[in-house]
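The values are calculated or read from the model by the stated rules, or taken from the named source; none is laboratory data. Bear in mind the structure is a predicted one, so any value in this text is a computation, not a measurement. No Cβ is skipped: glycine too gets one built from the backbone with ideal geometry, and neighbour counts run over all protein chains shown. What goes into the accessible areas is simple: the full protein's heavy atoms, side chains included, and nothing from ligands, DNA or RNA. Shrake-Rupley method; radii C 1.70, N 1.55, O 1.52, S 1.80 Å.
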Amino acid sequence: MSDPGSGAERSIGQLVASATAEMSALVHDEIALAKAELRQDVKRGATGAIAFVIAGVFLLFSLPVFSFAAAYGIHNLGLGLAWSFLIVGGAYVVLAALLSLLAIAKFKKVKPPEKSIASAKQTAAVLQNVKPHPRLEKGPVPELSAAARRALTER
């Protein structure tokens, strides 16, 4: 049997094992690339989601403040304690608006995993152009020899 690293012909078993290993490595690399791109976008999305949650909390806090301010305002009909409640409630709304703008900016930066998609399309295009060996196109695959079966199962 010849060394696969040398320029000599390799057995079918060695070729199949080599093709399987290379295909497996390619798939693993593409999965790793997709994970890296998605991890980055998940971080951006999480930051935007946290900003929306905080904005919602501030808005929720402003509801009782505005309620008290409206009640005191109607009661007093003048500049009094109610105006202070309105100022605090307004500050919460301003903070909620700023955090909402931050969240929208973060969500706009989330993109699909473009590198992974391009790599997968390129791999699919290469695999579509692959043609079987002419000897294999003519008929059924002959029985494997015992040595070829051993080479395939050793892996």
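Some values worked out for this structure:
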| quantity | calculated |
| --- | --- |
| Percent accessible area from carbon and sulfur atoms, the stretch 84-127, protein chains only, probe 1.4 Å | 75 percent |
| Gain on full stretching of the segment that runs from A97 to A21 - 0.36 nm per residue minus C-alpha separation | 22.0 nm |
| Spin-label model distance (nm) - R44 vs I117, 7 Å beyond Cα toward Cβ | 1.3 nm |
